[in-house]
Amino acid sequence: MYWDYASDTPQGDESRTLCLSLMKYRKGTEAPRKVLVLAERGGLHEGFTAAGLQWLEGQKERLNMELTILNQAKDIPEGELRKYHLILQLNYPPYAWSEAAKKDMQEYIDKGIGSYIGFHHATLLGEFDGFGMWDWFSDFMGKIRYKNYIAGKSDGTVQLEDRTHPVTKDIPGTFVIPDDEWYIYENNPRPNVHVLAHVDECSYTLDTDIRMGDHPVIWTNPAKRARNVYFQFGHSKKLFDTPAFICLLENSLHWALHDGE
């Protein structure tokens, strides 16, 4: 008996399955999918980040994931991203990446090498901390540029627009996201992405005049070959006590990792 790896994926699924599932562990099971988690530590988003990492560690065996956690992207080696099935931008901004990592990320998404899930801080697009705008990433996120946010944090009621997408499976039509910052942009991403949900700005529990009007908060960019979804919320650790959020996260992981396909 022999195996031909000529058609193997960039992540080496066939060779890993043979080595790990048949030879090392002697089990006829699929090898774990490799997930790169970008998670900046400290600062205003630490509560969400810490809770998110704890949840992922607790669920990785059940979801058959092998996690690699990086706290910065400036030193990612050239070609490193190709080995991952999924890049999960749990809490990391779209700047402070090395030029090599930017190039690899663009290839990863544009060629569909793997999948992508992003939260909140991933759309802090503009000029920040001495870094310029990453134009490709802005286009990927719907040609947007960050403008403002609700600094005081507010609950908000999210309304689904597409209940047929795998990410929104079994999610109620409306649900409350607690204590978030609700970014607004200079322009609406809607014309350039497929919006899955928006926030009802009249539902804010904080008295604020910061408004975007039509305010998408979950979307995917179908123009890219990689499966991808972005969630604008991702500030408070309370999200991991919110059933609708946990369901969205699990749905996204199953979809991004091509479970059942």
Subtracting the Cα-Cα distance of residue 44 and residue 59 from 0.36 nm times their residue separation yields 2.9 nm
Percent antiparallel among DSSP beta bridges (both partners in segment 13-256, rounded to 5): 50
Gain on full stretching of the segment that runs from residue 110 to residue 169 - 0.36 nm per residue minus C-alpha separation: 18.6 nm
For residue 103, list the lysines whose Cα falls under 19 Å from its own Cα; do not include residues on the same chain fewer than 8 positions away. 74, 83, 111, 143, 224
From the helices alone, meaning DSSP H stretches of at least four residues, give me the mean residue ellipticity at 222 nm for the chain, per-run term -39500 (n - 2.57), in deg cm²/dmol to the nearest 500. -5500 deg cm²/dmol
What list of ³J(HN,Hα) couplings, whole Hz, do you get for segment 148-156 from phi and the Karplus terms 6.51, -1.76, 1.60, once you set θ to phi - 60° and write x for glycine and proline? 6, 7, 8, 5, x, 6, 8, 5, x
Net dipole in debye of the chain [+1 Lys, Arg Cβ; -1 Asp, Glu Cβ; about Cα centre; nearest 20]: 620
Quick one: 3J(HN,Hα) in Hz for segment 164-177, Karplus 6.51/-1.76/1.60 with θ = phi - 60°, rounded, Gly and Pro as x. 9, 6, x, 5, 9, 4, 6, 9, x, x, 9, 7, 9, 9
A chain fully extended from residue 83 to residue 238 at 0.36 nm per residue, minus the present Cα-Cα distance, gains in nm 52.6 nm
Can you list the residues, at least 5 places off or on another chain, whose amide H is less than 5 Å from the amide H of residue 179, using H built in the peptide plane? 154, 155, 156
Residue 169: which aspartates and glutamates have alpha carbons under 16 Å from its alpha carbon, excluding same-chain residues fewer than 8 sequence positions away? 161, 250, 259
Sequence neighbours fewer than 8 away in the same chain don't count; with that in mind, list the lysines whose C-alpha is under 17 Å from residue 238. 153
Under 5 Å between amide hydrogens, which residues at least 5 positions from residue 147 or on another chain qualify, with H placed 1.01 Å from N in the peptide plane? 184, 185, 186
Under 5 Å between amide H atoms, partner at least 5 residues away or on a different chain: which partners does residue 89 have, H built in plane at 1.01 Å? 38, 117, 118, 119
For segment 50-162, the convex hull over Cα atoms projects on average to an area in nm² of 9.0
Semi-axes of the equivalent ellipsoid for the chain, Cα gyration tensor, largest first, Å: 32, 21, 17
Separation in nanometres of the label points that stand 7 Å from Cα toward Cβ, at residue 66 and residue 136: 2.6
In a GNM of the chain with a 10 Å cut-off on Cα contacts, which of 205, 220, 164 has the highest mean-square fluctuation? 164
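Each reported figure results from applying straightforward, stated rules to the coordinates on display, with no laboratory input. The structure displayed is predicted, hence computed values, not measured ones. Reconstructed Cβ throughout: ideal geometry from the backbone, glycine too, with neighbour counts over all protein chains shown.
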